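Single-structure report; data block below.
Quick note: the coordinates plus some simple rules give every number you see, no bench work behind them. A quick note: this is a predicted structure, and the numbers were derived from the prediction, not measured. Heads up, the Cβs are rebuilt from the backbone with ideal geometry, glycines too, and the neighbour counts pull from every protein chain shown.
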């Protein structure tokens, strides 16, 4: 027993990770001379810019420095509080405000000097030390680009798409009253201060992690989607007042195919017609027919109902039909461009309006398709990545227009 | 090969079952002996006779060996030990990595039984000496130990545990504590670095935070919350769900910070061996999960010993601190040096009154924050160097002025009377008395020295009598004979015949001499353990 256990332990082989940052061929010999010289001149600016980005993202070696800068900026902004004083009260300027003034000016000056000193020492160090290799410069460039990309994705990650004019207008409409209210309630100093704070802290790991942790809260997501649904025409339509049943589905359906009554279908009615249609148009193949009503009575209208059943994976319960309130409902179907909640296939089957008959004998499921939390498809198997899944139920109906 | 431990176990159980009764009877006999021994020690509390010590050691040795056998025989202990170790290991298992835990447990279940058996055997073997010491201690201190207050009611088991002194538990605790104390000493390092400006931007940050606290004391509560959230929990979250920010290696850092260059006072002086920081990763754990470094704290050699040394110096510092505290409480606050203590007391009273009156009119936030900034800037090494010459001058001036503080220490001393008895022995004839001794004992027929037919403690010359401890004789008084014999005799319940100033019994007579003693002050208080020596 023991030996067997030992053997199993010994043969447990673990795969290795792939590391991309191997040795790269040097760029020195393949780069034209004038590009190199431009890059070399550009290098100090790159370093300074990189340092500024480090400060904004709070990833410098000395984490206290961005904090001190933040406090200094606060003191400078605090100068705005002197604006709030009325002209009349300027005569009795108190010691406190003089102190504020002094502190603000001093920290502004020291900020300026600190920056100037930094720039100077960068140039000095570059002059005194051996010149950087082309690879160093490229690494600095890559670092800057990567940081900028990170910042962009952090800002625009879940932001509203404002590339369309419609959304931009909506954004303006939404924010104008908010800003108006803020301007009435809050002094310029407070407004500027909080905006600066948020701007300076936003890219810190703390802020980002806090946002990620807040994103775990259902209420936060609900609020977010409630606000952004204002901009997203798609999502608004998930829930209508009542669940769609067969009758409304047919009346809204624009995807009706009209099959001409060929010889083989002539004279057939009811059940026999259904059998024949099944034979002619197996459910695995799409029906080829005219989508426009050809105005003649000798046609059979066929509608292909597709109902999506959605499920979400919960930590304790596993896969259930309980969905988040803002996302796709348990059963939904696509009508036109909209995805709307509908009744389950079995309820659907009850309320078929007169004249319509089922073409297929039963609902045909097409296996689960797994997707992540944002409904981006991940594959056909359940994995750690997948949090939602969709099953498609299909069944066709037909109507003999001549009857 | 694999069957041999099991066979041994079976043999053991067989033998222990066979000798179970014998062992129990031996234990009972031993405990009764110990009780008897304890009773004997109680009657002579000063020291344990040699024979008893030898007997005690022998019996505790015997007792420990019996205990060991009992442990081996007993089935309940192994399971309990296994339970505790398992539960502590369970804490470190990750809910997100079930597949790995399952795979591991699959392997461990096979030989876990044997492993635990071996472990327990080692344990009992190791702790034989500890058991012995434990028994010895319980022999030496027979009484119940004084108890401490507890917040709630303790169960019997807990009571027993908290009662006994166990070398095993002490060393085990120390062994467990030592590797964990590393972080505490790291923290100490960082505090020192902050206070000595070796991490200048950190110091400035600290000052800013202190100022914020001064202006709004509520920050003292909110900041720890912020620290726990962003200093502890966010890094924990980032460890588990990295933000995937790539960091590019920098060969050389260009440019310097103005603040750092101005306030720099040298880098930290603490030295750490290279590679002392241990990085814990799941990969390493799965590769060699039974490597000793993770299980046994003793194998992280340097770190462990360094921590042990730090604990040692921490205890030394604690001792030094408690000594200086004691010096203050029993010295300065106990009026040991009366002049100094009086000055200190008056200073405190003055500051109390002054601050009490003035505090309403002072912006404390401003004053405190200024004071903090001022004292920190003053303590900066560079500023200190500049201030050096000024400071010396100031000190000299202070030394000059501090000569007469105008204190008058003239409380009337405490006065009391002391007595001795001048004892005469009857000579050949009833009228003939010979001087016998000056003694503090009356030496009447009921006196214990008289009964033992020994002379009472005393001297032959009046000058050789000393006042009670801490007292002095009043130089203006003399030994005076008490002529009111009847009074002092009745006060002491002595009923003998009187002859002038003498109280006379069958073979001795004595008279009472009294003298005034003085004392300026009672001795200063001392900590309780000082009295016992």
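When only C-alpha pairs under 8 Å and at least 6 residues apart count, what is the relative contact order of chain A, in percent? Please report the intermediate quantities before stating the final value.
Numbers: 413 pairs, mean separation 55.5, N = 403.
It comes to 14 percent, rounded to a whole number.
The fewest-to-most ranking of A:209, B:353 by surrounding Cβ atoms within 10 Å reads B:353, A:209. At a Förster distance of 35 Å, what's the computed FRET efficiency of residue B:384 paired with residue A:82, Cβ-Cβ distance as r, to 0.05? Efficiency computed from Cβ-Cβ geometry: 0.40.
The distance between label points at residue B:342 and residue A:229 comes to 8.5 nm (points 7 Å beyond Cα on the Cα→Cβ vector). Averaged over the residues of peptide A:61-71, the number of Cβ atoms from other protein chains lying within 10 Å of each residue's Cβ is 5.
Applying 1/(1 + (r/R0)^6) with R0 = 41 Å to the Cβ-Cβ distance of residue B:520 and residue B:490, what FRET efficiency is obtained, to the nearest 0.05? Given R0 = 41 Å and the Cβ-Cβ separation, E is 0.75.
Order the peptides A:380-386, B:433-439 from the highest to the lowest mean number of other Cβ atoms within 10 Å of their residues. Provide the component values of the computation, followed by the final result.
Details: A:380-386: 11.9, B:433-439: 16.9.
Per-residue Cβ counts within 10 Å, averaged per peptide and sorted highest first, yield B:433-439, A:380-386.
Compared with the dominant Cα axis of chain A, that is its longest principal axis, helix A:165-185 is turned about 50°. Computed over the Cα atoms of segment B:414-519, the ratio of the radius of gyration to the Kirkwood radius (Rg/Rh) comes to 0.97.
List A:148, B:61 from most exposed to least, where exposure is judged by having the fewest other Cβ atoms within 10 Å. Let's see the in-between values first.
Working: A:148 12, B:61 15.
With the sparsest Cβ surroundings first, the list reads A:148, B:61.
On average, how many beta carbons from a partner chain sit within 10 Å of the beta carbon of a residue in A:203-209?
Details: counts 1, 2, 8, 8, 2, 4, 10.
For this peptide, the per-residue mean of nearby foreign Cβ atoms is 5.
Ordering A:360, B:447, B:261 from the fewest to the most neighbouring beta carbons within 10 Å gives B:261, B:447, A:360.
Across peptide B:241-249, how many C-beta atoms of other chains are within 10 Å of each residue C-beta, on average?
5
Taking 7 Å steps out from each Cα toward its Cβ at residue B:210 and residue A:109 produces label points 2.5 nm apart.
For chain A, dividing the convex hull volume of the Cα atoms by the residue count gives 345 Å³ per residue.
Sort B:181-189, B:313-321 for me by packing, meaning the mean count of neighbouring Cβ atoms within 10 Å per residue, highest on top.
Values: B:181-189: 14.0, B:313-321: 10.6.
Descending packing order for the listed peptides: B:181-189, B:313-321.
Summarising the label geometry, the points placed 7 Å from Cα in the beta-carbon direction at residue A:376 and residue B:410 lie 9.6 nm from one another. The orientation-averaged projection of the convex hull spanning the C-alpha atoms of segment A:121-234 amounts to 11.8 square nanometres.
What FRET efficiency do you get for residue A:392 and residue B:97 if R0 is 45 Å and r is their Cβ-Cβ distance, rounded to the nearest 0.05?
Numbers: r = 34 Å, r/R0 = 0.76.
Approximately 0.85, to the nearest 0.05.
Projected area of segment A:68-171, taken from the Cα convex hull and averaged over every viewing direction, in nm²? If you can, show how the numbers build up before the last one.
Numbers: hull surface 49.7 nm².
Over every viewing direction, the Cα hull of segment A:68-171 projects on average to 12.4 nm².
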